[in-house]
Amino acid sequence: MRVAAAIVCIAAALPANADGLHAGATDRVALNVPVDALITGLGIVGATVPLIFSSSLARDTCRWCDGPTGTPVNAVDDWFHDRLTSTGLSRTRANTASSLLAYGLIPAAAIGTTLFATGPQATSGAGLRNVFILVETVAVSGTLTETIKIFTARQRPYVHYQHLGTPGGPSSDLPALSSDANLSFPSGHTSLVAAVGTSAAMLATLEDSPAAPWLWGATGVATVATGTLRMISESHYLSDVLAGAAVGAGCGVLIPLLHRRGSALGGTTIPVATPTPGGASFLLTGSF
């Protein structure tokens, strides 16, 4: 609560500039600095606190248990579980690869692309403003994902099928039982990848950047790859992965749209002087 109160105070002290950080008249998106700082700060707290204190916040027993241990879950989740866990890729390697993608490669690529692949009408600093929006998207998505995890308390596949290792025992391909055992729904890795990728692609689309189609395609591939690895590692079912993708992609579309000029967080539209062939000029206004 003290951290949240500090964030509120800092945000209130910032200048109330609806076109924050000097967005230009031709920029398609802009920031509302106090509001964005508040949303991002609270989002970071909401996303990280459940991770840091998962041992205290997570339930010891599942609320969503999918029936008796070892029994079928449902036709769709069972089918994907059985097919993917028999591919030959070890659970440990799948888990490591998914974390590398979700917490390293994909965010780094998205930030780099967002920073430099701005549109033709973007002014100086547009890339940094877009990165701020991307971070805000991830913070909001993370808060929603972790909150849903805590309240649904779905049992993970490796627990349901009793594929468990022994704590402190020899190195194994099987995870040990921990406070993380009932945090299956939705997939946090998939949600993160979908949020960061969709946000980057949506910002590029709003900016009319030529990189937009490539970013949409890359986001789809990265999201599917991450979700597949999470299922191979028996950390999630298909339904967990689809829910995580929906939460992340939803935030990735909504947050950038809210920063479009004329929208709730994008400030007011700015008149743009357009010269006429005769040498005079007129003001063109509207929502960008």
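Computed from the coordinates by the stated procedures, all read-outs in this text should not be read as laboratory data. What you are looking at is a predicted structure, and each value in this text was computed from that prediction instead of being measured. In this analysis, Cβ positions are derived from the backbone assuming ideal geometry, glycine residues included, and neighbour counts consider all displayed protein chains.
Once the Cβ-Cβ distance between VAL224 and ALA25 is put in as r, and R0 is 30 Å, what FRET efficiency do you end up with, to the nearest 0.05?
0.15
For each of LEU38, LEU128, LEU265, LEU192, count neighbouring Cβ atoms within 10 Å of the residue's Cβ, then give the residues from fewest to most.
LEU128, LEU38, LEU265, LEU192
What ranking of VAL76, VAL138 emerges when the number of other C-beta atoms within 10 Å of each C-beta is taken as an exposure proxy, fewest first?
Taking fewest neighbouring Cβ atoms as first place, the list is VAL76, VAL138.
Each residue of segment 202-216 in order: what ³J(HN,Hα) in whole Hz does its phi give by Karplus 6.51 cos²θ - 1.76 cosθ + 1.60, θ = phi - 60°, with x for Gly and Pro?
5, 5, 5, 5, 5, 7, 6, 6, x, 7, 4, x, 5, 5, 4
With the Cα gyration tensor of segment 31-81 in hand, give its eigenvalues times 5 under a square root as the equivalent ellipsoid semi-axes, listed largest first in whole angstrom.
37, 17, 7
Going by how many other beta carbons lie within 10 Å of each one, how would you line up ASP208, ASP27, fewest first?
ASP208, ASP27
Determine, for each peptide in 181-188, 198-205, 157-164, the mean count of other beta carbons within 10 angstrom over its residues, then list the peptides with the highest first.
198-205, 181-188, 157-164
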